[in-house]
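The values are calculated or read from the model by the stated rules, or taken from the named source; none is laboratory data. Predicted model only: the values in this text are computed from it and were never measured. Ideal geometry is used to build each Cβ from the backbone, glycine not excepted, and the neighbour counts take in all protein chains shown.
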Amino acid sequence: MTKQSVNNSGSSQGPFCVWSGIDFINFVKLMRLRPTIRWSGLYRLISSGILSVSNSCLSALETLVYSRKVKRTKLESPVFIIGHWRSGTTLLHNLMSMDEQFIYPNMGAMLFPSHFLLTEPVLKHVVKRLIPKQRPMDNMPVTWDLPQEDETSIMLLHLMSPYLAIAFSDQAEVYDRFYELDQLTPKEDKVWRDTFRYFMQKLTYRAGGNKHVLLKSPTHTFRIRFLLDMFPDARFIYIHRNPYKVYNSTLHLRKTMFGDNGFAPLDMEKLEEDMANIYVNHLHVYERDRQIVPEGQLHEVGFEDLTADPVGELKKVYEHLNLTGFDDLEKNMQPYLKDQKSYKKNKYEMDAAQEKKIYERWQKAFELFGYERLPSDALIKKARVAS
């Protein structure tokens, strides 16, 4: 098996890692789970442990100041953007976030979910000078105010997230049950629901109320049943993409994220096998659970269609989900669409053996969404696949 060593000095995220926002209690819980630790990742462990003390103090102070107001905040029906990693969820999230009826986690809420209401005015000016200008996995722009994925926040708040794989890539038993959430104990179930709802209330309170929370996380694809139980009026947008392009792009994402945030070298063979299995599982769960979503609360969109005609595809989303405000969104997103024209995707080479492996493992996706297998000449010549 091949090992990918973590290079501390070469981290593409600057001085921060995903554990920088963890509080002390959850840091202790994380250590009790006994993650694999090597010298190469020790500095992340130490820095996160030190920061966890200040995070706990700031969290306690925020709770004292804001908790009563936050708990009284009414939640409007949320919208969840779902789909596999590297399928276009970020693009869709960025576009829809320009509709002012929506609110979402920004960099502060993602990195420091336990105290962002209290500390964001200060942290915004400090952290934004230290974070990279582009996401290391795909060159997408990074700014403090762009929408971010909420699953990182969930993990930092109570650890019940499959993103624990970042620290336990060789111990799937630690995080597997946090995908669908149907194996939680009654106590865990209550903590998960209460924490998630409170986090959404914080986002709503910060925005002044009367707005819909717009969340994007591939992990929520596994939780349609769970989320509908919490929010019966929730809307879902599932985005899919050509599996050939998803494969190498997701592998690069996992290598980058786990390498920049983990505590030990990576077993790339296992990382790839886990990725392939997760894709199959996500497709199985989605195909099963989309049947239970009430009419008018789920819409599917293809990444290729969205990039070819973003205005037209988003209009379909709004019409199908009975969302208002599309005219304002269309106007607001024009500058972003103009900037996207200069965006350069990563490119990967795919040979015949890999093409065959991808098609055989993920054939269901080709059939379900109408993607074609590469023509026979691609089995001989190398094809360049943009992510």
Do you know which of the residues in segment 219-258 that are part of a helix (DSSP H, G or I) and touching a strand residue (DSSP E or B) at 6+ places or on another chain (Cβ under 6 Å) is nearest to Pro162 (Cα to Cα)? His220
Determine whether segment 150-160 contains at least one residue that is out of contact with any Leu (no Cβ under 8 Å at 6 or more places or on another chain), part of a loop (DSSP other than H, G, I, E, B) and either modelled with pLDDT of 75 or more or not aliphatic (A, V, I, L, M) (or both). no
Based on what the data block shows, is Asp328 crowded, with 18+ Cβ neighbours inside 10 Å, among the acidic types (Asp, Glu) and part of a helix (DSSP H, G or I)? no
Among (1) surrounded by fewer than 19 Cβ atoms within 10 Å (Cβ to Cβ); (2) modelled with pLDDT under 90, there is one condition Leu146 misses while meeting the rest; what is its number? (2)
Segment 261-277, residues that are touching a residue at least 40 places away in the same chain (Cβ under 8 Å), of a type in the set (A, V, I, L, M) and under 27 Å from Gln363 (Cβ atoms): Met268, Leu271, Ala276
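Residues are listed down the side, and each one gets a yes or a no for (1) assigned to a loop (DSSP other than H, G, I, E, B); (2) among the polar types (S, T, N, Q); (3) surrounded by fewer than 20 Cβ atoms within 10 Å (Cβ to Cβ):
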site: Ala165; (1), (2), (3): no, no, no
site: Lys190; (1), (2), (3): no, no, yes
site: Arg197; (1), (2), (3): no, no, yes
site: Met200; (1), (2), (3): no, no, no
site: Thr204; (1), (2), (3): no, yes, no
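Of all residues in segment 188-225, which are among the basic types (Lys, Arg) and under 17 Å from the mean Cα position of the chain (by Cα)?
Our first condition is that a residue be among the basic types (Lys, Arg); within segment 188-225, this holds for 190, 193, 197, 202, 206, 211, 216, 223, 225.
Listed by number, the residues that qualify are Lys216, Arg223.
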Members of segment 281-302 found to be over 17 Å from Phe80 (Cα atoms) and exposed (fewer than 14 other Cβ atoms within 10 Å of the Cβ), listed by number: His284, Arg288
Could you grab me the full set of residues in segment 363-387 that are among the aliphatic types (A, V, I, L, M), at pLDDT 50 or above and in a loop (DSSP other than H, G, I, E, B)? Leu374
